[in-house]
Amino acid sequence: SVLNTQIIKSERNPTWANSRASIDQGAGHSIVLTMAHYVQNNPRINAFAYSDDPPNLPPRNEKSKAKGVVLVDNGADAAAWFGHTASNFLAHLGGYSWLQSETTKGHMFLCLSLDKANLNLVGKAIRYQEPYIYANNLPPAILNQYMELSNLVNGVDVRITPFLMHAKFTTKAAHAVANIQAFGKHSKSFAGNFVSYLK
């Protein structure tokens, strides 16, 4: 079992480096720092989290294996999309904890720091994965401004085949462009309908 992890940042010449602390520690690790305002209350930060195997709940969703958290700063032009592969990970306002049973499985974590202008793209990309949302405190003001986030948290079906969906996100720090395509196993196969029309 390896609790020591590595991190790569969006820089001019990115390289892998050892994390400052092991992943099971409550301070110093990059994930702890990234998720500090999700596991502890900060009135400026709103968030929603999704997972097929959320903390403190039984496994919820056979349609999607998607796991992640979206954070929105209501006092600045800043947001973050944190995707991960760990089960039972990070209860909202529940403090930081790492399950030892997850250590041997090996996991990946990805965090994109974004301007709020990217939130509709984030919402649409996640919608294709049909996730189970287990925590959400996004206020109406944010949902009314970013309709794709509203569609996501309200379970509105995607009706455009994912093959036509392509999104580019520009991260804040290095202004690096990330090309991201999200594919999901849909409960209603609109992609299948699309293919049938082509025949």
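Restricting to the stretch 22-69, and then to whatever is among the β-branched types (Val, Ile, Thr) and in contact with a Leu (Cβ under 8 Å, 6 or more places away or on another chain), can you tell me which residue is farthest from residue 126 (Cα to Cα)? Applying the filter and picking the extreme gives 23.
Yes or no: the stretch 129-141 includes at least one residue that is charged (D, E, K, R), modelled with pLDDT under 90 and in a helix (DSSP H, G or I). Write out each step before concluding.
Residues of the stretch 129-141 that are charged (D, E, K, R), as a first pass: 130.
Filter once more, keeping what is modelled with pLDDT under 90: 130.
Still in the list and also in a helix (DSSP H, G or I): none.
Checking the stretch 129-141: not a single residue is charged (D, E, K, R), modelled with pLDDT under 90 and in a helix (DSSP H, G or I).
For first residues located in the stretch 21-49 and more than 18 Å from residue 88 (Cβ to Cβ), partners that are among the charged types (D, E, K, R) and surrounded by fewer than 13 Cβ atoms within 10 Å (Cβ to Cβ) and lie 6+ apart or on another chain with Cβ distances below 9 Å form the pairs 30/9; 37/44.
Every condition in (1) touching a Gly at 6+ places or on another chain (Cβ under 6 Å); (2) within 19 Å of residue 20 (Cβ to Cβ); (3) in a strand (DSSP E or B) holds for residue 113 except the one numbered (1).
Using the structure shown, decide if residue 192 is modelled with pLDDT under 90 and under 24 Å from residue 73 (Cα atoms). Spell out the reasoning first.
Working: modelled with pLDDT under 90: yes; under 24 Å from residue 73 (Cα atoms): no.
Against the criterion (modelled with pLDDT under 90 and under 24 Å from residue 73 (Cα atoms)), residue 192 does not qualify.
Cβ-Cβ contacts under 6 Å between residues 6 or more apart (or on different chains), taken from a first residue in the stretch 95-112 that is more than 23 Å from residue 9 (Cβ to Cβ) to a second residue that is among the small types (Gly, Ala, Ser) and buried (at least 19 other Cβ atoms within 10 Å of the Cβ), are listed as 102/86. Within 21 Å of the chain's Cα centre (by Cα) and on the phi > 0 side of the Ramachandran plot: does that describe residue 56? Answer is yes for this residue. Within the bounds of the stretch 30-48, is there any residue that is out of contact with any Cys (no Cβ under 6 Å at 6 or more places or on another chain), modelled with pLDDT under 90, on the phi < 0 side of the Ramachandran plot and among the β-branched types (Val, Ile, Thr)? No: the stretch 30-48 contains no residue that is out of contact with any Cys (no Cβ under 6 Å at 6 or more places or on another chain), modelled with pLDDT under 90, on the phi < 0 side of the Ramachandran plot and among the β-branched types (Val, Ile, Thr). If the condition is being surrounded by fewer than 16 Cβ atoms within 10 Å (Cβ to Cβ) and β-branched (Val, Ile, Thr), then the stretch 37-95 contributes no residue at all.
The criterion of being in contact with a Ser or Thr (Cβ under 6 Å, 6 or more places away or on another chain) and either modelled with pLDDT under 95 or surrounded by 12 or more Cβ atoms within 10 Å (Cβ to Cβ) (or both) does not hold for residue 148.
The values are calculated or read from the model by the stated rules, or taken from the named source; none is laboratory data. This one's a predicted model, so the numbers in the text were calculated from it and none came from an experiment. When we count neighbours, we look across all protein chains shown, and the Cβ atoms used for this are built from the backbone with ideal geometry, even at glycine.
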